[in-house]
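Encoded as structure tokens, the structure appears first; notes follow it.
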Amino acid sequence: MYEKSKGAEEKQRTAGELSTQYISKIKMPSSYTEVIDKLQTKFKQGVTKPLDYRTQQLKALYRLCKENEDVLVKAMRDDLNKPYFESVICEIEFVRNDIRGMLINLEKWAQQEYTSKHILLTFDSSYIQREPYGVVLIIGTWNYPIQMTLSPLVGAIAAGNAAVVKPSEISPATARVLEELLPLYLDKDCYKVINGGVVETTELLKEKFDYIFYTGCSSVGKIIRDAANEHLTPCTLELGGKSPLFLDNEVDIEVACRRILWGKFINSGQTCVAPDYILCTEERQEEFIQVAKTILKEFFGENPHNSGDLARIVNKKHFKRLHKLMASGSVAIGGVCVEEELYISPTVLINVKASDTVMQEEIFGPILPIVPIADVDEAIRFINDRDKPLCLYVFSNNKNVVKQFLNNTSSGSCCVNDTVVHLSVDSLPFGGVGGSGMGRYHGKFSFDTFSHKKAVLIRNFIPLLEKLGALRYPPYTDKNMEKLLVLMKKRSNFFPKISYYTLVFLLGIITAVVVRLTFVASGLTKYLPHPFQ
């Protein structure tokens with residue numbers, strides 16, 4: 001078990017006491033129009049757009065996470081009894097690393113992205129310019145209240161937006177701390193925290209935002225989407241669903257079991273990408289159960305109830321929902337529930353049927369059902385008969401089996417021979433598909449999510465090219481149309497990329513020569529710039 005030193009624990013208690021002194025005295029209005037209007041004004045004044053400003057705000061957010069680690073850990077312990085190790089590794093350090101990546105790459109990602117053109121526009125400039133949307137709304141979630149609230153904010157700041165942050169009321173201690181701390185570090189005129197429940201969120205969604213980013217359940221996601229549609233506001237919905245895990249007969253069962261149980265029981269199963277259920281043969285099911293019993297003792301001891309490395313269920317409502325799900329199949333491991341402590345032991349259910357209650361909704365708790373299947377084909381059919389999952393896990397050493405799942409199923413992401421760790425690769429997009437969500441973020445994908453990609457074409461006035469361009473002007477003729485079709489025809493790039501700028505340089509010289517000859521032939525040499533005379 002991971003243990004903190006006595007001095008660190010004392011420091012944490014002190015930090016927790018300090019956090020209560022930061023209670024916000026700001027009373028938000030019943031209508032948030034005034035708040036949003038002030039943010040819009042600052043954005044239109046261009047306050048958030050300079051790269052230096054974005055960098056300064058990102059560094060300030062980094063300091064918040066660094067200087068208040070104990071305060072944040074204490075808040076997450078109050079909300080979820082989240083272990084110190086998980087609070088740091090899966091939440092605080094995740095955000096800090098996200099900020100590091102943004103600071104390293106921000107200038108490069110913000111540069112203009114030049115694009116290819118057809119022949120008529122050879123000497124013109126066409127590029128994509130990324131610009132911030134404006135004032136964005138970020139609605140966080142309770143199970144990872146730091147990571148999934150601040151990580152989208154990192155992307156919003158890096159892209160140059162102003163933002164309203166709405167933490168989840170289901171994790172009230174963390175929401176309060178974010179309300180207290182963010183104004184101490186970020187520009188209060190450009191970034192606002194609004195706390196509250198359904199009423200406050202409903203009022204917020206009546207306002208016109210330039211972008212909405214929501215993390216949570218599908219039912220609320222639909223409400224968010226409907227609200228966004230009222231103002232034609234683009235949005236990202238990071239939802240969830242039942243993420244299946246296929247366990248092959250030939251894979252190393254001990255290594256696989258260790259990785260599966262870790263991914264399932266971090267945060268007591270309250271993780272959107274946790275494996276929701278296992279698909280395997282009955283033979284593999286028996287082997288898994290035997291190995292799982294041993295590994296769970298290694299993880300949490302003889303009595304997981306006494307372990308400091310196991311989080312608790314967030315509230316009684318979720319506890320009662322999970323308790324009902326345990327009536328499905330048969331309990332092979334665990335099954336212990338203590339309502340007054342919101343404790344459910346790591347539980348594995350066997351011989352679960354597709355029609356059982358536990359298979360009808362995302363579990364979001366420390367319950368792992370095993371559904372027996374005959375082979376790979378049946379597993380794929382089982383997955384495809386249901387909504388597209390946020391993540392698909394495949395444990396197999398057989399490349400053909402892995403290809404079958406990759407090519408014949410659809411999911412937001414796929415992780416082979418491990419669980420959850422793909423989220424740590426910020427060069428991979430994170431997001432759902434279909435019922436598991438829309439949009440993506442992490443790393444550059446966060447920057448792009450909060451950036452509008454504006455198309456830009458800048459033309460010149462070179463006489464020769466204008467002569468060619470005049471083919472488009474009335475009166476229209478078949479001859480002119482035929483010439484235009486030839487010039488506009490899409491072709492593969494004949495020249496290697498390395499010679500592109502050399503080609504442009506040579507074409508520039510040729511054009512200059514042609515222009516000079518044209519002027520000489522017309523007797524207009526005196527109108528040429530001095531170097532060309």
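Sorting Ser328, Ser116, Ser492 by the number of Cβ atoms found within 10 Å of their own Cβ, with the fewest placed first, yields Ser492, Ser116, Ser328. The three principal axes of the Cα atoms in segment 354-395 give end-to-end lengths of 28, 21, 20 Å, sorted in falling order. Relative contact order of the chain, taken over Cα pairs closer than 8 Å and 6 or more residues apart, is 16 percent. Computed from the C-beta positions of Ser410 and Lys353, the FRET efficiency with R₀ = 30 Å rounds to 0.80. Net charge in the neighbourhood of Ile380 (other residues with Cβ under 14 Å of its Cβ; Lys, Arg +1, Asp, Glu -1) is -1. Applying 1/(1 + (r/R0)^6) with r as the Cβ-Cβ distance of Ser330 and Asp226 and R0 = 41 angstrom yields a FRET efficiency of 0.50.
Restriction of the trypsin sites (Lys or Arg not before Pro) in segment 380-430 to DSSP coil positions whose beta-carbon has at most 16 other beta-carbons within 10 angstrom yields Arg386.
With respect to the chain, whose longest principal axis is taken over its alpha-carbon atoms, helix 172-185 is tilted by about 40°. Distance between the modelled labels on Lys108 and Lys403, one decimal in nanometres: 3.3 nm (7 Å Cα→Cβ projection). Set against the 2.2 N^0.38 Å expectation for a compact globular protein, segment 123-171 has a Cα radius of gyration ratio of 1.56.
Cβ crowding within 10 Å ranks Met438, Met148 as Met438, Met148, fewest other Cβ atoms first. Per the Cα gyration tensor, the chain maps to an equivalent ellipsoid with semi-axes of 52, 31, 20 Å, ordered largest to smallest. Partners of Lys403 within straight-line reach, counting aspartates and glutamates whose Cα lies under 18 Å from its Cα and excluding those fewer than 8 residues away in the same chain: Asp248, Glu250, Asp375, Asp377, Glu378, Asp418.
Label zone (Gln360, point 7 Å along Cα-to-C-beta; backbone nitrogen cut-off 18 Å) within segment 319-339: 319-330. With contacts taken as Cα pairs under 8 Å and at least 6 residues apart, segment 303-426 reaches a relative contact order of 17 percent.
Dividing the convex hull volume of the alpha-carbon atoms in segment 244-431 by its residue count gives 114 Å³ per residue.
Annotation: the antiparallel percentage among DSSP beta bridges lying fully within the chain is about 35.
Of all GluC sites (Glu not before Pro) in segment 298-353, which ones are in loop regions per DSSP and have a Cβ with at most 10 other Cβ atoms within 10 Å? In loop regions of segment 298-353 (DSSP not H, G, I, E or B), the sparsely surrounded GluC sites (Glu not before Pro) are Glu302. Our coupling estimate for segment 191-208, obtained by passing each phi through the Karplus curve with A = 6.51, B = -1.76, C = 1.60 and θ = phi - 60°, is 9, 10, 10, 10, 9, x, x, 4, 4, 5, 5, 4, 5, 4, 6, 6, 7, 8 Hz, Gly and Pro reported as x. The slack in the chain from Val513 to Gln40, taken as 0.36 nm per residue of separation less the alpha-carbon distance, amounts to 165.1 nm.
Phi-derived couplings, Karplus 6.51 cos²θ - 1.76 cosθ + 1.60 at θ = phi - 60°, listed residue by residue for segment 276-282: 7, 7, 10, 10, 7, 6, 5 Hz, with x used for Gly and Pro. Among the listed pairs Lys192/Lys454; Lys242/Lys317; Lys108/Lys444, those whose Cα-Cα separation exceeds 22 Å are Lys192/Lys454.
Listed by Cβ neighbour count within 10 Å, with the fewest neighbours leading, Cys337, Cys280 appear as Cys337, Cys280. Computed FRET efficiency, Cβ-Cβ of Glu67 and Asp385, R0 30 Å: what is it to the nearest 0.05? Efficiency, from the Cβ-Cβ distance: 0.05.
All of the numbers you see were taken from the coordinates with simple rules; none came from a lab. The shown structure was predicted, so the numbers you read here are calculated from the model rather than taken from an experiment. Backbone-built Cβ (ideal geometry, glycine too); neighbour counts: all protein chains shown.
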